[in-house]
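K.L.:
Take this structure first; my questions come after.
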Amino acid sequence: MSPETSPAPSEEREKAYRKLYTSKLLRETMTLHILSTKTASQEGRLVWVTSGFPVEIPVAFNTVAAYPEQYGAIVGSEKCGPLLCGFAEELGFSQELCSYARSSIGSVQQPEQSPLTGLPKPQALLACNNICGTVLPWYEAVSEMTGAPVYLVDTPPLEGEQPPHHLAYVKSNLNGLIEFMSQTFNHEYDEKQLLQVAKLSNDAVNLWTKALEACKNKPSPLNCADRFISMAPIVSLRGTQQAINFYETFFAEVEERVKQGIGAIREERVRLLWDNIPPWFTIYDFFNTLAKQGVVFPADSYTHAWSAAIPRGEIIESIAKVYSNVYLNKGLSAKIDKMCSLIKDYDLDGFVLFSVRSCKRYSIGQMVTKEEITRRTGVPGVIIEGDMVDSQQYNEAQAKTRIEALIEMIV
Amino acid sequence: MPSQPSHGIGIDIGSTTTKAILINTEGTIIAKFLIATGASAQKSAERCLDELKVQSQQDLSKIPAISTGYGRRQALNATKSVTEITCHSIGVHSQNPEIRTLIDVGGQDSKVIRIGSDGRPTDFELNDKCSAGTGRFLEVMAQVLETSIEDLGTLALQAKVPSIISSTCTVFAESEVIGRIGAGDNPANIAAGVHKAMAAKIATLSHRVGVRKPIAITGGVALNPGFRFYLGKQLDADLWVPEGPQYTGALGAAILAMNTRE
């Protein structure tokens with residue numbers, strides 16, 4: 001091959017990895033969402049929420065939700081994590097603090113140096129500690145900087161079935177949220193509106209779940225990066241018609257791939273499970289390099305966390321149930337059970353546990369998890385270390401050696 | 001039908017040293033060479049291949065070569081690269097098929113590999129984030145104690161009461177060693193304390209994988225009798241040391257190279 005016809009490295013990557021045509025719609029959908037958060041901020045109806053927040057309630061109050069964690073993913077993808085984290089560290093925040101929190105605080109401190117000039121100014125900060133305990137002090141720090149009040153939906157960690165007193169406590173928190181929203185935004189609570197939002201939320205969740213489950217097929221129609229990028233609307237537009245519109249098109253493409261036997265990667269040789277948030281700053285390079293070796297990730301523990309629909313019943317109680325029972329809020333065994341069932345249902349050959357230095361709640365217990373999953377499923381796994389935003393805490397060569405060794409154990 | 005090559009080359013480009021081996025179908029080592037990796041992994045690999053050529057008096061250009069180790073992708077002459085986990089496993093299995101756990105302690109990293117009956121790795125753990133529990137740790141301590149790395153282990157075996165060294169962080173342990181010198185501890189006791197601390201670190205790494213006997217130890221640190229003694233005590237096991245323990249990865253790579261079909 002002459003130098004003129006040699007493909008550029010990026011073209012080579014595309015050859016091993018099939019791009020979704022829905023990615024254009026995704027970009028449009030998310031751009032419109034970003035614009036709507038700017039407008040909402042100007043109109044005094046923007047809330048910042050944590051990723052596991054019962055967002056249906058603020059949406060039913062006609063507010064628009066922006067997600068600092070999703071913003072953290074953008075910061076990571078734009079490879080400016082160390083810069084923004086550094087702004088927070090200059091304020092005295094520890095390098096041990098979550099890099100989503102650091103980059104969020106850093107962007108509030110130095111918006112002009114941040115991607116998209118940071119998230120628009122919030123009128124309220126809504127945190128739910130079902131995903132981690134850091135969210136409250138993080139939002140309190142942002143509150144000090146922006147003046148926006150914080151409301152915490154407290155969901156104490158659960159082990160096993162949710163006892164009645166736990167459910168009653170979370171319900172009281174949600175009723176408190178309704179009161180907080182009514183007062184802060186001078187808007188009356190309308191149960192009918194909440195029911196309508198919950199229905200829209202469930203419709204999007206069902207479409208998303210169907211797309212995830214389509215990855216049981218061989219070849220898998222989606223790889224890890226596809227899911228991590230395409231999950232943006234299920235996180236930030238849950239409870240809106242826009243999310244449904246996007247996932248209808250997305251699922252149609254997934255279905256079409258399955259029908260035609262088109263895989264997310266050219267040649268599927270090894271099917272692995274991914275655990276945890278991805279290293280956003282190298283997401284494409286990481287998964288596409290492995291795709292060249294025939295490695296696909298048909299399932300992961302993270303994007304599946306958005307596949308729980310609100311059950312039937314009294315709406316506040318149903319919301320309390322679904323948001324208390326996310327597996328990050330339950331004992332380690334709930335996550336191990338989930339990963340073992342994913343390995344079985346998606347017929348996976350092994351697993352990669354990403355130990356994210358920032359995300360202690362997600363990464364805790366991975367050593368035991370690795371042993372237990374192998375004991376139960378018989379497939380090998382590996383732990384790699386790093387961070388989702390702060391690339392200073394990631395060593396590519398070390399991570400790759402571990403995964404290559406895992407592949408050599410499987411093939 | 002493709003035939004098996006008559007020879008195989010293995011190149012292990014480690015963080016501290018580069019090792020190369022040429023073997024034939026009988027598994028006999030025709031030539032081997034070890035050199036400091038230095039600033040260029042590529043040059044050290046080339047230098048090793050030149051030396052294999054001189055030693056064997058053979059044209060190596062047609063012989064399949066597999067590279068392994070930290071700098072495995074830098075060996076331009078290699079047919080392909082395989083991780084050091086697999087190569088060490090295959091290498092030690094060829095020397096002693098009974099081995100079920102391999103502890104490799106190199107210059108800048110250490111690894112523990114559980115080996116299946118077929119010689120392939122079934123699980124592993126690496127310590128490669130810092131120099132704690134690696135040869136580099138011992139090198140720094142030898143320097144502080146004004147002895148050579150070769151003599152440090154023998155010195156440790158002369159200890160009557162090992163000093164207490166609580167840290168395996170190279171930076172903190174160095175301060176501790178200086179503190180012990182200041183407190184008047186004799187060098188043998190300090191050297192023993194250093195080995196004991198490092199053995200405890202490697203034992204912890206081993207338990208993460210789950211130690212199954214018999215256990216082999218490889219890498220440059222396997223040549224250190226003081227470390228072998230304290231690690232054996234920690235694991236309550238005899239440690240088997242192959243001939244040329246620094247070459248295990250290169251040997252495994254050479255075996256894999258020879259098994260590639262031409």
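A quick yes/no check of all residues on (1) buried (at least 22 other Cβ atoms within 10 Å of the Cβ); (2) without any contact (Cβ under 8 Å) to a residue 24 or more places away in the chain; (3) under 11 Å from B:ASP12 (Cα atoms):
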site	(1), (2), (3)
B:SER61	no, yes, no
B:THR68	yes, no, yes
B:GLY71	yes, no, yes
B:LEU76	no, no, no
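K.L.:
When the residues of segment B:155-177 are narrowed to those that are hydroxyl-bearing (Ser, Thr, Tyr) and exposed (fewer than 15 other Cβ atoms within 10 Å of the Cβ), which ends up nearest to B:ASP109 (Cα to Cα)?
P.N.:
B:SER166
K.L.:
While we're on this one: So A:GLU404 passes all but one of these: (1) assigned to a helix (DSSP H, G or I); (2) under 18 Å from the mean Cα position of the chain (by Cα). Which condition number does it fail?
P.N.:
Exception for A:GLU404: condition (2).
K.L.:
Something else about it: Would you please name the residue that is surrounded by the fewest Cβ atoms within 10 Å (Cβ to Cβ), looking only at residues in segment B:96-123 that are out of contact with any His (no Cβ under 9 Å at 6 or more places or on another chain), of a type in the set (Asp, Glu) and within 13 Å of another protein chain (Cβ to nearest Cβ)?
P.N.:
The residue in question is B:ASP123.
Results for (1) closer than 21 Å to B:GLU139 by Cβ; (2) not assigned by TED's automatic domain parsing to the domain that holds B:ALA78; (3) not in a helix (DSSP H, G or I), shown as yes or no for each residue.
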| residue | (1), (2), (3) |
| --- | --- |
| B:ALA197 | yes, yes, no |
| B:VAL211 | no, yes, yes |
| B:ALA216 | no, yes, yes |
| B:GLY226 | yes, yes, no |
| B:TYR230 | yes, yes, no |
| B:LYS233 | no, yes, no |
| B:LEU251 | no, no, no |
| B:ALA254 | no, no, no |
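K.L.:
Now, a different point. Could you tell me which of the residues B:ALA253, B:ALA216, B:ALA203, B:ALA199 is of a type in the set (A, V, I, L, M), within 25 Å of B:ILE149 (Cβ to Cβ) and in contact with a strand residue (DSSP E or B) (Cβ under 8 Å, 6 or more places away or on another chain)?
P.N.:
B:ALA216
K.L.:
While we're looking at this one, here's another question. Which of (1) among the β-branched types (Val, Ile, Thr); (2) away from every other protein chain (no Cβ under 13 Å); (3) outside any strand (DSSP E or B); (4) surrounded by 15 or more Cβ atoms within 10 Å (Cβ to Cβ) does B:VAL54 not meet, given it meets every other one?
P.N.:
(4)
K.L.:
Let me ask something else. Look through segment A:364-402, keep the residues that are aliphatic (A, V, I, L, M) and within 9 Å of chain B (Cβ to nearest Cβ), and return whichever of them is surrounded by the most Cβ atoms within 10 Å (Cβ to Cβ).
P.N.:
Applying the filter and picking the extreme gives A:VAL382.
K.L.:
Same structure, new question: Just to check your reading of the model, which residue among A:VAL108, A:VAL49 is among the β-branched types (Val, Ile, Thr) and touching a strand residue (DSSP E or B) at 6+ places or on another chain (Cβ under 6 Å)? Quick ask: steps written out before the conclusion?
P.N.:
Values: A:VAL108 fails: touching a strand residue (DSSP E or B) at 6+ places or on another chain (Cβ under 6 Å).
Of A:VAL108, A:VAL49, the one residue that is among the β-branched types (Val, Ile, Thr) and touching a strand residue (DSSP E or B) at 6+ places or on another chain (Cβ under 6 Å) is A:VAL49.
K.L.:
Tally up the residues in segment A:357-369 that are farther than 13 Å from A:SER301 by Cβ and not small (Gly, Ala, Ser), please.
P.N.:
Number of matching residues: 5.
Quick grid of which residues meet (1) under 30 Å from A:ILE265 (Cα atoms); (2) under 23 Å from the mean Cα position of the chain (by Cα):
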| position | (1), (2) |
| --- | --- |
| A:ARG18 | yes, yes |
| A:HIS33 | yes, yes |
| A:PHE53 | no, yes |
| A:SER94 | no, no |
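K.L.:
Hey, another quick one. Tell me which helices (runs of 4 or more DSSP H) are completely within segment A:50-143 and hold 3 or more residues being at positive phi and of a type in the set (Gly, Ala, Ser), or say none if there are none.
P.N.:
none
K.L.:
So B:VAL209 fits all but one of (1) away from chain A (no Cβ under 14 Å); (2) surrounded by fewer than 23 Cβ atoms within 10 Å (Cβ to Cβ); what number is the exception?
P.N.:
Only one criterion in (1) away from chain A (no Cβ under 14 Å); (2) surrounded by fewer than 23 Cβ atoms within 10 Å (Cβ to Cβ) is unmet by B:VAL209, namely (1).
K.L.:
Of (1) surrounded by 15 or more Cβ atoms within 10 Å (Cβ to Cβ); (2) within 19 Å of the chain's Cα centre (by Cα); (3) away from every other protein chain (no Cβ under 14 Å); (4) without any contact (Cβ under 8 Å) to a residue 60 or more places away in the chain, B:GLY38 satisfies all except one. Which?
P.N.:
In the conditions (1) surrounded by 15 or more Cβ atoms within 10 Å (Cβ to Cβ); (2) within 19 Å of the chain's Cα centre (by Cα); (3) away from every other protein chain (no Cβ under 14 Å); (4) without any contact (Cβ under 8 Å) to a residue 60 or more places away in the chain, B:GLY38 misses (1) alone.
K.L.:
Going through segment A:252-299 one residue at a time, which ones are assigned to a helix (DSSP H, G or I) and of a type in the set (Val, Ile, Thr)?
P.N.:
Residues of segment A:252-299 assigned to a helix (DSSP H, G or I): A:252-260, A:280-292.
Once the filter is applied, which keeps residues that are assigned to a helix (DSSP H, G or I) and of a type in the set (Val, Ile, Thr), segment A:252-299 yields A:VAL254, A:VAL258, A:THR282, A:ILE283, A:THR289.
K.L.:
Right, another one. Given the criterion within 23 Å of B:ALA36 (Cβ to Cβ), more than 11 Å from every other protein chain (Cβ to nearest Cβ) and modelled with pLDDT under 95, identify the matching residue among B:LEU126, B:LEU76.
P.N.:
Just a single option satisfies the conditions, and that option is B:LEU76.
K.L.:
Still on this structure: Which residue is farthest from A:ILE310 (Cα to Cα), if the candidates are limited to segment A:227-250 and must be of a type in the set (A, V, I, L, M, F, W, C) and in contact with a strand residue (DSSP E or B) (Cβ under 9 Å, 6 or more places away or on another chain)?
P.N.:
A:PHE228
K.L.:
Give A:SER324, A:SER333, A:SER307, A:SER363 a once-over and let me know the one that is on the phi < 0 side of the Ramachandran plot, of a type in the set (Ser, Thr, Tyr) and modelled with pLDDT of 95 or more.
P.N.:
Exactly one of A:SER324, A:SER333, A:SER307, A:SER363 is on the phi < 0 side of the Ramachandran plot, of a type in the set (Ser, Thr, Tyr) and modelled with pLDDT of 95 or more, namely A:SER324.
K.L.:
So, B:THR83, is that one among the polar types (S, T, N, Q), free of Cβ contacts under 8 Å to residues at least 12 places away in the same chain and either within 29 Å of B:LYS213 (Cβ to Cβ) or surrounded by fewer than 24 Cβ atoms within 10 Å (Cβ to Cβ) (or both) or not? Can you show your working first?
P.N.:
Details: among the polar types (S, T, N, Q): yes; free of Cβ contacts under 8 Å to residues at least 12 places away in the same chain: no; either within 29 Å of B:LYS213 (Cβ to Cβ) or surrounded by fewer than 24 Cβ atoms within 10 Å (Cβ to Cβ) (or both): yes.
No: the conditions fail for B:THR83.
The values are calculated or read from the model by the stated rules, or taken from the named source; none is laboratory data. Values in this document were obtained by computation on a predicted structure and should not be read as measured data. Cβ atoms come from the backbone with ideal geometry, glycine included; neighbour counts cover every protein chain shown.
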